[in-house]
1. With the requirement that a residue be in a loop (DSSP other than H, G, I, E, B) and closer than 17 Å to residue 12 by Cα, what does the range 86-96 give you?
2. Exactly one condition in (1) in contact with a Lys or Arg (Cβ under 6 Å, 6 or more places away or on another chain); (2) surrounded by 14 or more Cβ atoms within 10 Å (Cβ to Cβ) is not met by residue 88; state its number.
3. Is one or more of the residues making up the range 16-34 open to solvent by 70 Å² or more (accessible area, probe 1.4 Å) and of a type outside the set (A, V, I, L, M)?
4. Take the range 35-85 and flag every residue that is more than 15 Å from residue 18 (Cβ to Cβ), open to solvent by less than 40 Å² (accessible area, probe 1.4 Å) and either of a type in the set (A, V, I, L, M) or in a helix (DSSP H, G or I) (or both).
5. Which residue pairs have Cβ atoms under 6 Å apart, sit 6 or more places apart or on different chains, and have a first residue in the range 1-28 that is on the phi > 0 side of the Ramachandran plot and a second that is among the charged types (D, E, K, R)?
6. Give me the pairs, please: first residue somewhere in the range 60-77 and closer than 17 Å to residue 89 by Cα, second residue anywhere and among the aromatic types (Phe, Trp, Tyr), beta-carbon distance under 6 Å, and either six or more positions apart or on two chains.
7. Would you confirm whether or not the range 8-17 contains a residue that is in a loop (DSSP other than H, G, I, E, B), at pLDDT 95 or above and in contact with a Pro (Cβ under 9 Å, 6 or more places away or on another chain)?
8. How many residues does the range 1-10 hold that are over 10 Å from residue 71 (Cβ atoms) and touching a strand residue (DSSP E or B) at 6+ places or on another chain (Cβ under 8 Å)?
Amino acid sequence: MEKFLSIPVTSEQNQLVSATGIVLIVQASTTTVAIHYKASTGTDVVTITHATAGAGDETMRDAIQAAVVSALTTSWTYVAFQVENLPYAVSGIAIA
C-alpha cells in the first residue's frame with residue numbers, strides 16, 4: 001500500500017513525498033531534513049529545505065517523522081496525508 005505526505009511548499013502547490021520505503025529521516029543541517037529510501041542500488045534521498053532552525057533543533061525532523069507515522073496509520077483509502085503545522089516553512093523539495 002502506497003502512502004504519501006502532502007507537504008506545503010512556499011510559493012508553490014503542495015508536493016507529494018512517499019511515506020513508504022523509508023529507512024531513515026535525519027536533520028541533515030539547520031535548513032534541511034533528509035529522508036532516505038531503500039532503493040535497488042543503495043538509497044534514494046529526498047531533501048526538504050526549510051527556514052533556518054537553531055543549532056541542535058530537530059523539531060522539523062520530528063514533525064516530518066510524526067507525519068509519516070500518522071500517514072501510515074490511516075485507512076488504506078487515504079493515500080495522501082496532509083502535513084500541517086510544520087515548525088518551519090518549506091522552501092523546496094528535491095530528490096537525489
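The values are calculated or read from the model by the stated rules, or taken from the named source; none is laboratory data. This one's a predicted model, so the numbers in the text were calculated from it and none came from an experiment. Every residue, glycine among them, receives a Cβ derived from its backbone with ideal geometry; neighbour counts consider all protein chains shown. Each accessible area value is taken on the protein alone, full model and side chains, heavy atoms only, with ligands, DNA and RNA left out. Shrake-Rupley method; radii C 1.70, N 1.55, O 1.52, S 1.80 Å.
1. Within the range 86-96, 86, 88, 89 qualify.
2. (1)
3. no
4. 53, 60, 63
5. Close Cβ pairs (under 6 Å, with a partner that is among the charged types (D, E, K, R)) amount to 21/38.
6. Taking only residues 6 or more apart or on different chains, the pairs are 60/88.
7. The answer is yes, given that some residue of the range 8-17 is in a loop (DSSP other than H, G, I, E, B), at pLDDT 95 or above and in contact with a Pro (Cβ under 9 Å, 6 or more places away or on another chain).
8. Adding up the residues that qualify gives 5.
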